[in-house]
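The values are calculated or read from the model by the stated rules, or taken from the named source; none is laboratory data. As the structure is a prediction and not an experimental result, all values here were calculated from the model. So basically every Cβ, Gly included, is an ideal-geometry build from the backbone, and we count neighbours across all protein chains shown. The area values use the complete protein model at the heavy-atom level, side chains included, leaving out ligands, DNA and RNA. Shrake-Rupley method; radii C 1.70, N 1.55, O 1.52, S 1.80 Å.
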Amino acid sequence: MKGKPTASYKLIADAGGNRYQFFCDLSGALACTTEPIRADTPEEALMIAWKREGRQHFNHCHKCGRWVSDVMYNADVMECVDCAPWENVPKFCPQCGKRLSSPERFCSKCGAKLLYEGSEFDD
């Protein structure tokens, strides 16, 4: 399978063990902060954190290999919305994850151009 073994992450050093924050590879949104993990090596701690707490918050794109949150995942084809844009009007911005209340050309939060059925929205 293509891609990284975990989603993007940030290590937070903690006296009780390392904590990890896991982020959506597409939107950059924080999806999970783990409890402190103790292990012999940082790599081992990372994999323990990923398997115990991080992995359950992500979907793996079968095309590009990115780890993405539910709102960035097209479950119909098991790919991220970058590889397989929604065929209907999206309910969330594929860049920042903001809920969209109506068809818009650009996300009101991050300014990303929105795609509909794989192309730009036309009035």
Expected 222 nm ellipticity per residue - DSSP helices of 4 or more, -39500 (n - 2.57), all of the chain, to 500:
-1500 deg cm²/dmol
Dipole moment magnitude, nearest 20 debye, the chain about Cα centre, only Lys, Arg, Asp, Glu C-beta charged:
320 debye
Treat every Asp and Glu Cβ in region 1-61 as -1 and every Lys and Arg Cβ as +1, leave all other atoms uncharged, and give the resulting dipole magnitude about the Cα centre to the nearest 20 debye.
180 debye
Among [x] 57, 30, 16; [y] 36, 33, 27; [z] 45, 39, 26, the entry derived from the coordinates for Cα extents along the principal axes in Å
[x]
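Per residue, what accessible area does the chain have, given a 1.4 Å probe and all protein chains present, in Å²? Don't skip to the answer; put the middle values down first.
Values: 7420 Å² over 123 residues.
I get 60 Å² per residue for the chain.
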